[in-house]
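Data block below; observations after.
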Amino acid sequence: MTEKTTQDFANNSSQPALREGLRLEKLGMEFQADGQPTEKTVGLIRAMRAGFHEKQPSQEEMRRKAVALSKDSLEFLAVYDDAFHEAEEFSYPGPYPISTFGHYEKSFNVGGESLIPAHLITEVTVAATHRRQGILSAMMRESLETAVAADRPVALLTASESVIYGRFGFGIATRAAKYELSTARGLGFKAPRVGTVSNVDPSKIGDVAAEIFAAYHAATPGSVDRQSSYREYKTGAWSDDITMPNKSLRALIYRGESGAPEGFATYAFNGWGWKPPTVSIRNLVAASDTAERELFRYLTNMDLIEKVVWPKGPVDTALFHALEDSEALGTVSVGHDLWVRVLDVPRTLSSRSWLRDGTFSLSVQDSLDYAAGFYVVSVLDGVGTVSLESGDERQADMSLDISALGSLLLGEVSISQLVRAGLVSVAGSVRELDMMWSTLRRPFCSTGF
């Protein structure tokens, strides 16, 4: 565990300064000899729960949460205002931070042949009493410095608010949709049935679900590898209260024509007090297009069920075209999902796939100065080579901020869209650059973090 004081930040000109009296610490999950989390870990978890307006956890819930976070090697930053805490006689006992910030590493699919390491940011909170004091900026810079030191070419996050992270160089790279399907009379599909779907015991699907997700992850641009706690939720070992099993959970496995598992889904009935009778999908992973269609063929033809809710699905799902009654599928909302911050332009762009060969120059502006520069991208046989060259914005074929590059990376938006939005300047043919940056598949991130 290390800590930084106001003076430490003042001595490092690259870091925003914390005001006098604030103290930033780096810490992980700490446990006592009896396996219970230490006071400092308890305070950290309490602050995270408060920041997201969640109920305070029991002692057992805190222990399980701490164990789950340690399994994924999460590291935390926490800012303490000891004088503020000690002055309040009714405060929680022990160290209690006024802000939290977690990060860890998982693999990320940028659309190329290989996955790349990514710096995932999570559990970001700042108490209302300490807003607009530079605390988030200090934690973000400290975390991004960690990412660069660990040689992670991109940082990722999912945001509860869309106006916070653009100033740190993050751009919206994927979107997700919430769907509802009206199933009162059952739904027909245009394509014939392929393979089989089985209703299975969720407690037994942990290993096969992990194998299916691994295949899906390797094939899906925008996919992020999952935390170890996903296994507990999708097997029903945990409910929303992680100390209790989820006895309402049901599970499906789809096997293709070869008999090999290609998809799984977990779902739960909302209860008879819910009108109309509804089931909600908790987890659906399809390693093939057929798997998604056949899982929904089962889900939309269950007796007594009149609605199926899919809280998070890809914007370009084929269900609309697969259904005989396309109006049965309703889109409730579409919103931002995965945000990407490029830290290493050559490594990131050379890791994605390219559909058209050619060469272009790229001027990147970065206010935090991690990735600013003039780059030349050369693509041959779909493989990109990226070099940092001398040049300026006036010489570039395209010029943009690092946040716009994050949005462009996976193909969620086109060059022409960003030009119309005023976020990219292009010298020459927008059409040619659009064709170079285009992707075969729209990106999607099914992992929440």
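Taking residues in the range 227-241 that are touching a residue at least 40 places away in the same chain (Cβ under 8 Å) and open to solvent by 40 Å² or more (accessible area, probe 1.4 Å), and partners anywhere that are of a type in the set (A, V, I, L, M, F, W, C) and assigned to a loop (DSSP other than H, G, I, E, B), the pairs with Cβ atoms closer than 6 Å and at least 6 places apart or on different chains are 232/238.
Every residue in the range 271-280 that is free of Cβ contacts under 8 Å to residues at least 12 places away in the same chain and open to solvent by less than 50 Å² (accessible area, probe 1.4 Å), please. Matches in the range 271-280: 271 only. Within the range 82-97, is even one residue among the small types (Gly, Ala, Ser), open to solvent by 10 Å² or more (accessible area, probe 1.4 Å), in contact with a strand residue (DSSP E or B) (Cβ under 7 Å, 6 or more places away or on another chain) and part of a helix (DSSP H, G or I)? Within the range 82-97 (the criterion being among the small types (Gly, Ala, Ser), open to solvent by 10 Å² or more (accessible area, probe 1.4 Å), in contact with a strand residue (DSSP E or B) (Cβ under 7 Å, 6 or more places away or on another chain) and part of a helix (DSSP H, G or I)), the answer is no, since none of the residues qualifies.
For the subset of the range 163-197 comprising residues that are open to solvent by 60 Å² or more (accessible area, probe 1.4 Å) and out of contact with any Lys or Arg (no Cβ under 9 Å at 6 or more places or on another chain), which member is farthest from residue 437 (Cα to Cα)? Within the range 163-197, the match that is farthest from residue 437 (Cα to Cα) is 185.
From 222, 188, 206, 134, which residue is of a type outside the set (A, V, I, L, M, F, W, C) and in contact with a helix residue (DSSP H, G or I) (Cβ under 8 Å, 6 or more places away or on another chain)? Before the answer, list the steps.
Values: 222 fails: in contact with a helix residue (DSSP H, G or I) (Cβ under 8 Å, 6 or more places away or on another chain); 188 fails: in contact with a helix residue (DSSP H, G or I) (Cβ under 8 Å, 6 or more places away or on another chain); 134 fails: in contact with a helix residue (DSSP H, G or I) (Cβ under 8 Å, 6 or more places away or on another chain).
Going through 222, 188, 206, 134 in turn, just one is of a type outside the set (A, V, I, L, M, F, W, C) and in contact with a helix residue (DSSP H, G or I) (Cβ under 8 Å, 6 or more places away or on another chain): 206.
Of the residues that make up the range 320-332, is at least one over 17 Å from residue 251 (Cβ atoms), among the hydrophobic types (A, V, I, L, M, F, W, C) and within 24 Å of the chain's Cα centre (by Cα)? Yes, the range 320-332 has at least one match. Taking every residue in the range 115-142 that is farther than 26 Å from residue 21 by Cβ and pairing it with any residue that is part of a strand (DSSP E or B) and hydroxyl-bearing (Ser, Thr, Tyr), at least 6 positions away or on another chain, the pairs with Cβ-Cβ distances below 9 Å are 115/107; 116/107; 117/107; 118/107; 119/104; 120/104; 122/104; 122/158.
Taking the range 151-162 as the range and being open to solvent by 30 Å² or more (accessible area, probe 1.4 Å) and more than 22 Å from residue 115 (Cβ to Cβ) as the test, the residues that pass are 160, 161, 162.
From 446, 429, grab the single residue that is farther than 18 Å from residue 170 by Cα, open to solvent by less than 70 Å² (accessible area, probe 1.4 Å), among the polar types (S, T, N, Q) and free of Cβ contacts under 8 Å to residues at least 40 places away in the same chain. Walk me through it before giving the result.
Details: 446 fails: free of Cβ contacts under 8 Å to residues at least 40 places away in the same chain.
It is 429.
Of everything in the range 200-226 that's open to solvent by 40 Å² or more (accessible area, probe 1.4 Å) and touching a residue at least 60 places away in the same chain (Cβ under 8 Å), which residue is farthest from residue 154 (Cα to Cα)? This residue is 215.
What do you reckon, is residue 316 assigned to a loop (DSSP other than H, G, I, E, B), under 24 Å from the mean Cα position of the chain (by Cα) and more than 28 Å from residue 150 (Cα to Cα)? For residue 316, the condition - assigned to a loop (DSSP other than H, G, I, E, B), under 24 Å from the mean Cα position of the chain (by Cα) and more than 28 Å from residue 150 (Cα to Cα) - is met. For the range 32-79, filtering for residues that are over 19 Å from the mean Cα position of the chain (by Cα), among the acidic types (Asp, Glu) and open to solvent by 40 Å² or more (accessible area, probe 1.4 Å) leaves 4.
Kindly indicate whether any position in the range 334-346 is hydrophobic (A, V, I, L, M, F, W, C), buried (at least 17 other Cβ atoms within 10 Å of the Cβ), touching a residue at least 60 places away in the same chain (Cβ under 8 Å) and closer than 30 Å to residue 297 by Cβ.
Looking for residues that are hydrophobic (A, V, I, L, M, F, W, C), buried (at least 17 other Cβ atoms within 10 Å of the Cβ), touching a residue at least 60 places away in the same chain (Cβ under 8 Å) and closer than 30 Å to residue 297 by Cβ, one finds at least one in the range 334-346, hence yes.
Selection of the range 164-216 for residues being β-branched (Val, Ile, Thr) and out of contact with any Phe, Trp or Tyr (no Cβ under 8 Å at 6 or more places or on another chain) yields 164, 183, 194, 200.
Just name the residue that is farthest from residue 370 (Cα to Cα) out of those in the range 406-423 that are open to solvent by less than 10 Å² (accessible area, probe 1.4 Å) and touching a residue at least 24 places away in the same chain (Cβ under 8 Å). Working first, answer last.
Here is the first cut: in the range 406-423, the residues open to solvent by less than 10 Å² (accessible area, probe 1.4 Å) are 406, 408-410, 415.
Next cut, touching a residue at least 24 places away in the same chain (Cβ under 8 Å) only: 406, 408-410.
Details: 406: 13, 408: 18, 409: 17, 410: 20 Å.
My answer is 410.
For the range 348-364, the criterion of a residue being among the aromatic types (Phe, Trp, Tyr) and either on the phi > 0 side of the Ramachandran plot or part of a strand (DSSP E or B) (or both) is satisfied by at least one position.
When you scan the range 219-293 for strands (runs of 3 or more DSSP E) that lie fully inside it, which ones turn up with 2 or more residues that are β-branched (Val, Ile, Thr) and at pLDDT 95 or above?
Values: elements: 249-255, 261-269, 278-286.
Here the list reads 278-286.
Only a single criterion out of (1) at positive phi; (2) open to solvent by less than 50 Å² (accessible area, probe 1.4 Å); (3) out of contact with any Ser or Thr (no Cβ under 9 Å at 6 or more places or on another chain) is not satisfied by residue 373, namely (3). Residues that are under 21 Å from the mean Cα position of the chain (by Cα) and either surrounded by fewer than 15 Cβ atoms within 10 Å (Cβ to Cβ) or of a type outside the set (D, E, K, R) (or both) within the range 281-308 comprise 281, 283, 284, 285, 286, 287, listed in sequence order.
Would you confirm whether or not the range 57-76 contains a residue that is part of a strand (DSSP E or B) and within 24 Å of residue 159 (Cα to Cα)?
Filtering the range 57-76 down to residues part of a strand (DSSP E or B) leaves 75-76.
With the extra rule that they be within 24 Å of residue 159 (Cα to Cα), the set shrinks to 75-76.
Within the range 57-76, one or more residues are part of a strand (DSSP E or B) and within 24 Å of residue 159 (Cα to Cα).
The values are calculated or read from the model by the stated rules, or taken from the named source; none is laboratory data. These numbers were taken from a predicted model, which means no experiment stands behind them. When we count neighbours, we look across all protein chains shown, and the Cβ atoms used for this are built from the backbone with ideal geometry, even at glycine. When the accessible area is computed, the model is the full protein with side chains, heavy atoms only, and any ligands, DNA or RNA have been set aside. Shrake-Rupley method; radii C 1.70, N 1.55, O 1.52, S 1.80 Å.
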